[in-house]
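Encoded as structure tokens, the structure appears first; notes follow it.
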Amino acid sequence: MMIQVILFGYFLTCVSGDGVADVVLSYVPVAPDQSLETLTPFVPPSIPDPDAILLEATVLSPQIPDAHVLLHADCNEQEVMCELSRYSPHGPQEAQEATHFLVSLSVEGGEFSTAFILQTSVVERDQSTLIQNKLGLPLSPSGTLLTEVIFLVFSHIKSVSAPLRGDVLLYCGFRQQETPLAQEVAVEWRLQHRGKGWKVFEMKTRLDDAEGSTVVLAERQGSSVNASLVVGQGDASLTLSRLKALDEGTYICTVSLGPFNAQQVIQLHVTQPPEISLSEEKIVLKTDPPQTLSCHCSKYYPLDAQMEWWSLSPEDSEPKLLLDQGSLSSHRQHGDGSYSLSSHLSVPSSVSLGTRLTCRVSHQALDAPVSLTVVVESPPQGNNVLLLVGPGFLIITVLFFHQVMT
């Protein structure tokens, strides 16, 4: 369904399914410094069209947090994505005329995402009342389907990165209308990763803070939701401590309030920069077979890491990439899910003195590639003297003892 969200006459195009619908959000809070002069007020059609789907949604209580992001989306060349569908409350329901819709809004490239439930308002019917042809619902005299936001779940983050063995907070909040929909609230966090899904945390409590009403089931050790924040501030955020590689994936926060529920989705990326070291602090030139210089890239996550060898001799003005001259070890995985990798460079005896050999490592957890360098040096002069004096000393000593014996 093609949905167009109109905010104070401000048009935002959204896509979802087949068909066309318009949504008008009214009474959306605007910051005092936000000018409305550039926004065109919403003007209903002069002739109501029963074939058109035009929802007029009052956003007075609860209000949509960070709604100003929607106002600036067009100016910032950000696309607003929207989904709208019919919604059926869960559990047994008393007979009522209200119809419900679920609307999901997010801003591309912006930290804004919300899902809210619309409930149709009572429209007094008479012989002149128009009925929307597709939905079978009564329209207002201006041809709109009158609704109000009664419950919403939101988050100001869509994706977050956190270090391995560190802690992270995944934000998820909810709001309801001033007249409580229900006192019972349930919070569930699930993780989906690589085609599998499982429950991480579940909490049930009451908003009237009744003693002994909170029930917690933490499937993942080190996961928690603050019950007092759930009750007092509508904050259902999940805290994860001592992160492992297995904690990475898509987290789904579902808040259920009586017969209504809505979700938010947050991506968690676990990262860990590598520890980099060289096997030698310096390379001493020898006439023996080639020496091996090793570069170790340890305890990093995720898997992909790039290791390169570069050489800069005294005759060169620019370093040269040593293609296919380094041999890589196999990846080694540790208990926490991190990886280690080594690269080995064969240094021939023909290498020029003063040559700088550099190991350069690139990884997504690094802000920039990290390089470690050693310099090819000549052997210390003292070693040459010892090599010359040593045999002579040995000959003199042997002759001395020979004379003593004779």
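For GLN221 and VAL284, what is the calculated FRET efficiency with R₀ set at 45 Å and r taken between the beta-carbons, to the nearest 0.05?
With R0 = 45 Å, the Cβ-Cβ based efficiency is 0.30.
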- Note on the structure: Candidate cut points under GluC sites (Glu not before Pro) in region 106-159, DSSP loop plus at most 13 other Cβ atoms within 10 Å of their own Cβ, are GLU108, GLU124
- Message: Net charge around VAL24, counting only other residues with Cβ within less than 15 Å of its Cβ (Lys, Arg = +1; Asp, Glu = -1)?
- Response: -4
- Using a simple spin-label model with points 7 Å from Cα along the Cα→Cβ vector, what separation in nm is obtained for THR58 and SER121? 0.4
- Message: Can you give me the distance in nm between label points at LEU303 and LEU169, each placed 7 Å from the Cα along the Cα-to-Cβ direction?
- Response: 3.4
- Query: Across 10 Å bins from 0, what is the distribution of all Cα-Cα pair distances for region 112-212, in whole percents?
  - Reply: 11, 27, 27, 20, 12, 4, 0
- Would you mind telling me the share, in percent, of accessible area of region 46-198 contributed by carbon and sulfur at probe 1.4 angstrom? 48
- Message: Under 15 Å from a point placed 7 Å out from the Cα of ARG194 along the Cα-to-Cβ direction: which residues of region 303-318 have their backbone N that close?
- Response: 303-304
- Task: Principal axes first, then extents: for the Cα atoms of region 193-232, list largest minus smallest coordinate on each axis, whole Å, largest first.
- Result: 39, 15, 13
- Whole Å is fine, so just give me how far the alpha carbon centre of region 69-137 lies from that of region 290-335. 56
- Query: Can you give the Kirkwood hydrodynamic radius for region 198-340, in Å, rounded to one decimal and based on Cα pairs?
  - Reply: 20.3
- Please work out the average accessible area per residue across region 192-232, using the 1.4 Å probe convention, and give it in Å². 66
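State the extension gain, in nm to one decimal, for the chain segment bounded by ARG86 and SER159, taking 0.36 nm per residue of separation less the distance between their alpha-carbons.
23.5 nm
The values are calculated or read from the model by the stated rules, or taken from the named source; none is laboratory data. Just so it is clear, the structure is predicted and the values come from calculations on it, not from any experiment. FYI the Cβ positions are ideal-geometry reconstructions off the backbone, even for glycines, and counts take in every protein chain you see. Note: areas computed on protein heavy atoms with side chains; ligands, DNA, RNA excluded. Shrake-Rupley method; radii C 1.70, N 1.55, O 1.52, S 1.80 Å.
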